[in-house]
1. If residue 126 satisfies all but one of (1) over 15 Å from residue 193 (Cα atoms); (2) at pLDDT below 90; (3) touching a strand residue (DSSP E or B) at 6+ places or on another chain (Cβ under 9 Å), what's the number of the condition it fails?
2. Where in the range 452-535 are there strands (runs of 3 or more DSSP E), lying wholly inside it, with at least 3 residues that are in contact with a strand residue (DSSP E or B) (Cβ under 6 Å, 6 or more places away or on another chain) and on the phi > 0 side of the Ramachandran plot?
3. Please determine whether any residue of the range 421-440 is within 25 Å of residue 513 (Cα to Cα), assigned by TED's automatic domain parsing to the domain that holds residue 539, within 27 Å of the chain's Cα centre (by Cα) and free of Cβ contacts under 8 Å to residues at least 60 places away in the same chain.
4. Please give the number of the condition residue 448 fails out of (1) on the phi < 0 side of the Ramachandran plot; (2) in contact with a helix residue (DSSP H, G or I) (Cβ under 8 Å, 6 or more places away or on another chain); (3) surrounded by fewer than 19 Cβ atoms within 10 Å (Cβ to Cβ); (4) outside any helix (DSSP H, G or I).
5. Could you tell me whether residue 414 is closer than 30 Å to residue 486 by Cα, modelled with pLDDT of 80 or more and within 24 Å of the chain's Cα centre (by Cα)?
6. Within the group 569, 499, 532, which residue is surrounded by 11 or more Cβ atoms within 10 Å (Cβ to Cβ) and modelled with pLDDT under 90?
7. What about residue 527, is it buried (at least 19 other Cβ atoms within 10 Å of the Cβ), farther than 15 Å from residue 555 by Cα and either touching a residue at least 12 places away in the same chain (Cβ under 8 Å) or touching a helix residue (DSSP H, G or I) at 6+ places or on another chain (Cβ under 8 Å) (or both)?
8. With respect to residue 179, determine if the residue is farther than 30 Å from residue 42 by Cα, in contact (Cβ under 8 Å) with a residue 24 or more places away in the chain and either touching a helix residue (DSSP H, G or I) at 6+ places or on another chain (Cβ under 6 Å) or buried (at least 21 other Cβ atoms within 10 Å of the Cβ) (or both).
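The values are calculated or read from the model by the stated rules, or taken from the named source; none is laboratory data. These numbers were taken from a predicted model, which means no experiment stands behind them. When we count neighbours, we look across all protein chains shown, and the Cβ atoms used for this are built from the backbone with ideal geometry, even at glycine.
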């Protein structure tokens, strides 16, 4: 039987295929024949962990067997789901992506539980690429990610164009010599690079996924069309790109069957570290030949590096029984009396001061955990509780006040002294739920800061800290102040309507210059947007959107405050809508509560 006949069964065979079929085909006695051990089923091949089976292996096994079902990779906190129809990826999704982008996430993982449900039909088509195309995109995605990471370029970086002036025809000629990307997309991305938008702003404006903007930025850098954030060309940085990984054709049916048989033999003979014979190995992710990348357990575990067996140190390892919970990630036994190693730039598990890492954020410069070092003074990890004592307490618990003081440093950003965005959003959701439950009012008041004296939207972090410290002193003890976005801040004012929120803004405008006279030479102006519940919005998303619309309108008018109700139902039409010949409304008065804080001349 040829490979083509083995790979292309009849249509009836496709729909009649079932895993572990035991149907009788004869009424007579069956001869007893010593046959070799049958190969494992599709479900058995697609069960395990990404540490042992790469994404490339999984996709090619499913394509080889033309399986229909659902592949789940991940754990309880984060799972990527891929649904196949006759071996082709049809639908894929994760908590943050859909389609091919969800599959590309897996190329940055080194750990993750694998399970397969055979027979599950795809819900809807969202994947436009075939398995070989996805493998190529995954290789390029990891390569571009490492390239930008080595140059310390993140989504918050500001890029600059090179000094060479090119017209449209010359630009197209240069782009043709680069990566095979969309010409229109690259030209639009290049046109948005003028120093005032970072990569995240451009990607959001163009609706680009992470893999697409990474490919675009990497290609423009390699072609010399743009500069690094510090204004240097790629050649000036001295960066030497590693040689491209040689592309390999997908294994043929006999080669793939040989790999499967070799893995079956390893299962029967016990664990072995030798790679199976074949044209490719399954011990590492296909696409990255360097340091292991971050798995979902590291992203959602506070930045902990993936645990792996250390083969470079001859320390004895004590095997401990592992009790796996449903959805938990498998981990190798840990060395005794050694502290876990964390990658450079990451914190230990806990609430991070600048917010939780999310998929799509740039990875730290180093993701390879260093070898564990002895730490005799480290306290041993406490075993999880297996029981809990109930009943009547033995003593009265007193409120010491130490708890809030201990947790507060984990909720605020150290450089500004106010709540991080994650902590602020937590309190915002709770305050909205409280107001909705009890029919109370509260005001959401975002604001941004512009610098009129320098003409450049940059302030030293010490100056920003002076402003936030002064605002912290002006608020009530029940008010909440924190970061809300990369460039804006916000207040939560419980029990306050929007008209009352104007009073706080007026007080800030009147007293802030006296509180921080040393910032007079910057002449900062605070632009507040004021939206309240239930006057301006009945849901949290509408409240947040309304407050930010009012803030942007205040910045456009160059005034201190604008209430959302003023722009939702304006009493004075905009100048562009006033019919010709009618008198225009007067400009806002130069004095009063609508103007920014008047700093004395520095």
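1. It is condition (2) that residue 126 fails.
2. Where strands (runs of 3 or more DSSP E) fall fully within the range 452-535, none carries at least 3 residues being in contact with a strand residue (DSSP E or B) (Cβ under 6 Å, 6 or more places away or on another chain) and on the phi > 0 side of the Ramachandran plot.
3. The answer is no; no qualifying residue exists.
4. It fails just one condition, (3).
5. Against the criterion (closer than 30 Å to residue 486 by Cα, modelled with pLDDT of 80 or more and within 24 Å of the chain's Cα centre (by Cα)), residue 414 qualifies.
6. Testing whether each residue is surrounded by 11 or more Cβ atoms within 10 Å (Cβ to Cβ) and modelled with pLDDT under 90 leaves just 499.
7. When the stated conditions are applied, residue 527 does not pass them.
8. In short, yes.
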